[in-house]
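Before any comments, here is the structure.
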Amino acid sequence: MRPWVIVAGDFVRTGGMDAANHALASWLARRGTETHLVAHRVADDLAALPGVHVHAVPRPLGSHTLGFPLLDRWGRGVARMLAGRDPVVVANGGNCRAGNVAWLHYVHAAYAPEVRGQPVRRMMAIAARRKALRDERAVARRARVVISNSGVTNRHATDLLGADPKSAHFVYYGADAERFRPPSAAERVEARRALGWNDARPAVCFVGALGDRRKGFDTLFAAWARLCAEPAWDARLVVAGAGGELEAWRRRAAEAGLGDRIAFLGFRSDVRQVLWASDALAAPTRYEAYGLAVQEAVCCGLPALVSERAGVAERIRGPLRNLLIPDPDDAVDLAERLRTWRGSMEAHRTAALALSDALRARTWDDMAAEMRAIILREEGA
């Protein structure tokens, strides 16, 4: 049996690509495949599985940018070590030029972020993106198999990166059906109590970093300010996420008189608790290759107001499609869609519960099995 080498920054259960890599590696190891992980960090439960070989890569100063070339170097080294056994080498994006499989979770060529903060930080971000553009194009064109996490990312792989359409496929993420599920009545009450909510006001949550404008929080803030000017609007907005602009947004909310209408929670390790306490999710993202946080929210039974351009929007169906956001820069339209949700909360909740059942039926193991079948078929193994 051919060994597998997966090159990724982190193999942990949190985050989008981190959770996906953890799931693929775990499934391979549990099936008896010799699995080599080239990474900065690997969860203890995964590292302990028989057949897993961890090749620990330093992350200088905790910097992803400084650690990126080391992942490539270590990954190429492990691939050379196993060359006589014809390994399957999975690169995540452009992180390893030895990859005969490219797994795309994000396409830098599809979006140029507007980075805020200190000039040095902005310059480093620009330089890092330029390198990422070169690397992901090189890996996508070289790979024998390119797997994306959505249909839109698959199109970006061929149209923007130059991947061969015959080698390009997309495989949706799976779901952690036990962890992200609709809460019981008691669990919902406890989640709201833990956040200090002692009333019945509905809550809309936003989950994402506040370091640049990709997630569209600026549009949501403008829409929320418009809604809060209406006497009938009674919902609270809950923001789970950190980043360089967090304090600036807190100041803007206070200056706009929205200090008691928007709760900034900062980074949260208990995102499920926030979802269980909430009634809807707003994600007016300007670019999202997939959107695992949106999927997790729907799995918890929340209607999602998400951009049509996000990969996960391909999986939204039925009455929930009227909440999809056509233009993430249009705060007026977003405010109207929030009013639509508020005016028929129960109907949207019922639709979200039905979609939750469908999404949770596809597990991470299903994703991993589908990926392996495609890769081995395309490689003729």
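Odds and ends about this structure:
- Test set (1) within 24 Å of the chain's Cα centre (by Cα); (2) farther than 15 Å from LEU71 by Cα; (3) acidic (Asp, Glu) - ASP18 fails condition number: (2)
- For the range 125-233, the helices (runs of 4 or more DSSP H) that sit wholly inside it and include 1 or more residues that are over 15 Å from GLY94 (Cα atoms) and not assigned by TED's automatic domain parsing to the domain that holds ARG13 are 185-194, 217-228.
- Just one of (1) within 22 Å of the chain's Cα centre (by Cα); (2) surrounded by fewer than 21 Cβ atoms within 10 Å (Cβ to Cβ) fails for VAL42. It is (2).
- Looking across the range 45-54 at every residue that is of a type in the set (A, V, I, L, M) and either buried (at least 16 other Cβ atoms within 10 Å of the Cβ) or touching a residue at least 12 places away in the same chain (Cβ under 8 Å) (or both), the one that is nearest to TRP364 (Cα to Cα) is identified as LEU46.
- Of all the criteria given as (1) surrounded by fewer than 22 Cβ atoms within 10 Å (Cβ to Cβ); (2) touching a Leu at 6+ places or on another chain (Cβ under 8 Å); (3) among the hydrophobic types (A, V, I, L, M, F, W, C), the one not satisfied by LEU281 is (1).
- Of all residues in the range 280-298, those that are closer than 12 Å to PHE206 by Cα and either in contact (Cβ under 8 Å) with a residue 60 or more places away in the chain or of a type in the set (Ser, Thr, Tyr) (or both) total 8.
- Tabulated pairs, the range 155-171, first small (Gly, Ala, Ser), second assigned to a loop (DSSP other than H, G, I, E, B), C-beta under 8 angstrom, 6+ apart or interchain: ALA157/VAL107; ALA157/ALA163; ALA163/ALA143; SER167/ALA143; SER167/ARG144
- Of all residues in the range 8-37 being touching a Lys or Arg at 6+ places or on another chain (Cβ under 9 Å) and of a type in the set (A, V, I, L, M, F, W, C), the one that is surrounded by the most Cβ atoms within 10 Å (Cβ to Cβ): PHE11
The values are calculated or read from the model by the stated rules, or taken from the named source; none is laboratory data. Predicted model, so just to flag it, every value in this text is computed and none were measured. All Cβ positions, even for glycine, are placed from backbone atoms using ideal geometry, and neighbour counts span all protein chains on display.
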